[in-house]
Every structure is written in C-alpha cells, then in structure tokens.
Amino acid sequence: MPETPAAKALLDTFGRIVVINLPERADRRREIDAQLRRAGLSLDHPAVDVFAAERPTVAAGFPSIGAHGAYQSHLAVMEHLLSHGWDRALILEDDMDFSRGFERRLPALAEALKGYDWAMIYGHPGDRPAQTPAPDANGLITLPADLGLIQLHFFGLTRAFAEAAVPMLRAMMTRPEGSPEGGPMHVDGALNWVRRAHPGLLALGISPQIAQQRASRSDIAGAHWYDRLPLMRTIAAVARRWR
C-alpha cells in the first residue's frame, strides 16, 4: 500500500514498530493489525515486528503471572532493540487503539518531536492532571522524572533509555517483593523507577492521547476482579504506580 502521512510520521520518528502479542491471542493480532491499517501500515510491513509475549508459569513475586509475563516481555523487547543496534522503536501492546483523529495529528507531532532530545514517549498524558505540566502548542508534555505514569500500550523509547532500563529491570527481578531498592512489580511502575533514577533522560507525554487501551480480556490481571472494572482499575492503578 502507498505510504500515508501517518505511516511516514510513525516510521520517521521511531524507525521500528514492535507489537507484543501472546501467540494464542489471534483475536488481538487481528485487532492490532486493523489499527495499524488505519495508519497505512500492517503486521506485514517490513518495519513492523510481532514479538511473542512471555508467558511464565509462576508469579515469582510479581503481582500476578500476567504481570510477570508483561514485565519479561517489555524487558525482552528492550534487549532486542539493543542487540539489533536500533536507535529507537515504538512498542505497541496488542490491545492498543489509535484515538479518533490520530492520523491528522501524527505528522505535526513527528515534526515537533524533532525539536526534543527525547528518550521515551508515552502516547497519553497520564492520569494525574493536577500534577502534570501543560502541553506545548503541539500537545507534547515534558514529564517530571518523579511523576509516575502507567499504561504502556503506546510507548516509544531510544537506545539510551533501553541501556539505562535493562540493567535496572534485570536487578529488580532478583530482589524480593517489596524491596526498598525495587523488586518485582508491574513493568510500568518499574519504568517509573528508571525515570526517577535517570532524570536526564527526557520523557514526554502526548495530550490529548494519541492512543488508548481497547476494552479486552486482560492477559495481565488474571483473577483480579478490580482490574476488569474501569473505575476500580483506575483506583488500583494509583496503588501500583510506584510498586
């Protein structure tokens, strides 16, 4: 298919796109492929990789088996970026939906990002509006290192961020749950620890959000009923932000 402005913006900004997907979730592969096609891309595009998500058999100190798998999967993608010599990449979880009008906004966002020496980008502004700085004219938010964000459904990162994150995430897996140095936790919380330890790595948010999580059966929450209900999921998210 001919390259669309939205596809060009994504590829110029990130270079590679990695979709994390459990092999048994063919439903989510179909759904994320449909989202990519909205941008003029697909799972068959040479710059798009489907990364087989990890599925451990035990929680091993993590909040659930699914949280353990999500942590390992994001860590493995970062290691993949480093081993392949990529400078940057966009990581998409397979329950990502682009927001309405995203295709019109992406070219301007891509152009604006050229003016930032960014290390990581969230495709949303977070859920703490009172503590979040205002976006610039292009919708980009410079995030304080101590402002914790959750949700990694649309997450861009550079080689510099991966180099900082991989050893920290590896070390967290070796510590006991609840360790004051950082032990097993949800991966979005772990990346908040990385940002806090490396305040020189610029993190950006996007407002309004460029992507959102699709309502879908969770592979992470498992038996936790409160993660299946939107309001209770938000409340639970606050508790896990730095855990």
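Name the helices (runs of 4 or more DSSP H) wholly inside the range 1-97 in which the number of residues that are open to solvent by less than 20 Å² (accessible area, probe 1.4 Å) and over 21 Å from Gln209 (Cα atoms) is 3 or more. If you could, list the steps in order and put the result at the bottom.
On the way: elements: 5-14, 26-38, 65-83.
Result: 65-83.
For Phe102, the criteria (1) open to solvent by less than 10 Å² (accessible area, probe 1.4 Å); (2) farther than 23 Å from Leu204 by Cβ hold in every case but one, which is (2). Going residue by residue through the range 190-204, is there one that turns out to be among the small types (Gly, Ala, Ser), part of a strand (DSSP E or B) and either in contact with a strand residue (DSSP E or B) (Cβ under 9 Å, 6 or more places away or on another chain) or over 28 Å from Asp136 (Cα atoms) (or both)? Scanning the range 190-204 turns up at least one residue that is among the small types (Gly, Ala, Ser), part of a strand (DSSP E or B) and either in contact with a strand residue (DSSP E or B) (Cβ under 9 Å, 6 or more places away or on another chain) or over 28 Å from Asp136 (Cα atoms) (or both). For Glu177, the conditions (1) open to solvent by 40 Å² or more (accessible area, probe 1.4 Å); (2) over 20 Å from Leu75 (Cβ atoms) all hold with the exception of (2).
All conditions in (1) surrounded by 14 or more Cβ atoms within 10 Å (Cβ to Cβ); (2) closer than 30 Å to Gly61 by Cα hold for Leu109, with the sole exception of (2).
Do you know which of the residues in the range 195-217 that are closer than 27 Å to Ser64 by Cα, of a type outside the set (D, E, K, R) and loosely packed, with under 15 Cβ neighbours inside 10 Å is modelled with the lowest pLDDT? Across the range 195-217, the extreme among qualifying residues is Ser216. Scanning the range 10-38 for residues that are among the aliphatic types (A, V, I, L, M) and either under 18 Å from the mean Cα position of the chain (by Cα) or at positive phi (or both) gives Leu10, Leu11, Ile17, Val18, Val19, Ile20, Leu22, Ile32, Leu36. In the range 127-155, the residue that is nearest to the chain's Cα centre (by Cα) out of those that are closer than 17 Å to Leu191 by Cβ and among the polar types (S, T, N, Q) is Gln151.
The values are calculated or read from the model by the stated rules, or taken from the named source; none is laboratory data. Owing to the predicted nature of the structure, the values given are computational and were not obtained by experimental measurement. Please note: Cβ atoms are built from the backbone with ideal geometry, for glycine as well, and neighbour counts cover all protein chains shown. These area figures cover heavy atoms from the full protein model, side chains too; ligands, DNA and RNA do not enter into them. Shrake-Rupley method; radii C 1.70, N 1.55, O 1.52, S 1.80 Å.
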